2 protein chains.
Amino acid sequence: MARRKDHTREELKEMSVVSARKIIAAQGLSNLNMRRIAGDIGYTVGTLYNVFEDMDDLMMHINAATLDSLYAALEKDVPQNDKNATRALKRIAKTYIRFAEENFNLWNVLTNYEQMTEEDRPDWYMEKTARLFRMVEQYLTPLCKSSAKAERSAKILWASVHGICVLGLNGRLDIAGAAPVQSLTDTLIENYMKGLK
Amino acid sequence: MARRKDHTREELKEMSVVSARKIIAAQGLSNLNMRRIAGDIGYTVGTLYNVFEDMDDLMMHINAATLDSLYAALEKDVPQNDKNATRALKRIAKTYIRFAEENFNLWNVLTNYEQMTEEDRPDWYMEKTARLFRMVEQYLTPLCKSSAKAERSAKILWASVHGICVLGLNGRLDIAGAAPVQSLTDTLIENYMKGLK
DNA sequence: ACCTGAACACCGTTCAAGT
DNA sequence: ACCTGAACACCGTTCAAGT
């Protein structure tokens, strides 16, 4: 063994993240561990630590991949340049909720796994969340007096939809499934947009 | 040793929860473990398992205590029978945000630690969250055509404020501290209530 | 340089043994 | 009946040893 060099460093990273996401999606975070990932990609734990700093580092890459697939889902489902902002925002919320339901375990990891190190989140990671907010913001800019106000409303609406989704899908609102959650976010967006004018 | 009977079963439960909450508040969830709690209350791990089913059970009692102190904070700070619903709701949000900031570690455990067993949450635990929603609902009932509509708006507003608080205090909204978070929830509540009329 | 595999420290949990 | 403490299984992480 040793010095196999079957895969490049980047390939190993990619394989590890794919494997870890597969395990989380199928069996939840509690069934994820380093030995399991290593076995799954045909290496030993030591190799994982040659490629990732630690499990937190691996988890950040897992969440980055989830953010990418969320962004892709939104880009695919949400029509570009919808002149009706309220309709577009409802569509974003609907896609977000469906994504959360369909990728429940991965989405929960993204939501719950807090990297305590708030400030040393790398720029490439921050950008993945920033572009999600920009997607919401583009529909609010034409309706607001300043870009600062549009940014504020984008934060408020995104975080609110997120909160309803978190509590709703986790059974804290006495409702079950994605449909009633979406109904609540629709009402939120309608009332907020009415109040904005 | 053995057969000390220094404390009743209920006293042991209480002591364990108090100790665990102290550890979480001071050093975070990652520094909490069964041996530490046991040592802190002057017993061994076996005793903890004589009183709690497992760590999940203990965690539920920890979160129950946090919900109680949150309710107490709200009861203390929010004026009863405020005729101005928007003002009262803003006050609830403000107190909630301050509680989350001041009890950050405990509040994060309450928020992030998901008991996967959704349906076997005991009734006495469910009631602790239900009464929080009722507190919000009381201000919405006079403004809504049906109690069902008031209930819906209570869920929407509570979950939205929660979402803004979660993302805001965890540094996901490019803002720092409780004040700007509260500013966002104020705008949310204002616009939502305007839209409601 | 890359990879192994054994070791270390530390967990949650169990349970035979004591009083 | 209550409590101990040692044991078990399992985890993240490290690192000397191999090629």
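The values are calculated or read from the model by the stated rules, or taken from the named source; none is laboratory data. Computed from a predicted model, the values in this text were never measured in an experiment. Heads up, the Cβs are rebuilt from the backbone with ideal geometry, glycines too, and the neighbour counts pull from every protein chain shown.
A few remarks follow.
- Residue count for region B:171-180 satisfying the condition of being under 20 Å from the mean Cα position of the chain (by Cα) and more than 18 Å from residue A:130 (Cα to Cα): 3.
- Each residue in region B:13-26 was checked for being in contact (Cβ under 8 Å) with a residue 12 or more places away in the chain and over 16 Å from residue B:106 (Cα atoms), and 2 pass.
- Which listed residue is within 8 Å of another protein chain (Cβ to nearest Cβ) and either in contact with a strand residue (DSSP E or B) (Cβ under 9 Å, 6 or more places away or on another chain) or at pLDDT 95 or above (or both), from B:196, B:184: B:184
- Residue in region B:27-37 that is without any contact (Cβ under 8 Å) to a residue 60 or more places away in the chain, farther than 18 Å from residue B:159 by Cα and either more than 16 Å from DNA strand C (Cβ to nearest atom) or within 15 Å of the chain's Cα centre (by Cα) (or both) present: no
- Region A:145-157: number of residues that are more than 12 Å from chain B (Cβ to nearest Cβ) and crowded, with 16+ Cβ neighbours inside 10 Å: 1
- Some residue of region A:93-111 being within 15 Å of DNA strand D (Cβ to nearest atom), under 29 Å from residue B:111 (Cα atoms) and assigned by TED's automatic domain parsing to the domain that holds residue A:142: yes
- Yes/no for residue A:58 being within 22 Å of residue A:8 (Cβ to Cβ), within 8 Å of DNA strand D (Cβ to nearest atom), at pLDDT 95 or above and not assigned by TED's automatic domain parsing to the domain that holds residue A:8: yes
- In region B:124-133, the condition of being at the interface with another protein chain (Cβ under 8 Å from one of its Cβ atoms) and over 20 Å from residue A:193 (Cβ atoms) is met by at least one residue.
- Among (1) facing chain A (nearest Cβ under 8 Å); (2) buried (at least 24 other Cβ atoms within 10 Å of the Cβ), the one test that residue B:190 misses: (2)
- Counted residues, region A:89-122 - those being within 19 Å of residue A:59 (Cα to Cα) and either of a type in the set (Val, Ile, Thr) or assigned to a helix (DSSP H, G or I) (or both): 11
- Evaluation of residue B:101 against the conditions (1) closer than 25 Å to residue A:120 by Cβ; (2) within 11 Å of chain A (Cβ to nearest Cβ); (3) surrounded by fewer than 18 Cβ atoms within 10 Å (Cβ to Cβ) shows that the sole unmet condition is (2).
- Residue count for region B:40-68 under the criterion of being of a type outside the set (A, V, I, L, M), more than 16 Å from DNA strand C (Cβ to nearest atom) and surrounded by 15 or more Cβ atoms within 10 Å (Cβ to Cβ): the result is 1.
- Considering only residues in region B:22-42 that are of a type in the set (A, V, I, L, M) and more than 10 Å from DNA strand D (Cβ to nearest atom), the one that is nearest to residue B:5 (Cα to Cα) turns out to be B:37.
- Candidate set: region A:69-83, residues that are out of contact with any Phe, Trp or Tyr (no Cβ under 9 Å at 6 or more places or on another chain) and polar (S, T, N, Q); chosen: the one nearest to DNA strand C (Cβ to nearest atom): A:80
- Residue A:45 meets each of the listed conditions (1) free of Cβ contacts under 8 Å to residues at least 40 places away in the same chain; (2) within 16 Å of DNA strand D (Cβ to nearest atom); (3) under 21 Å from residue A:171 (Cβ atoms) apart from (3).
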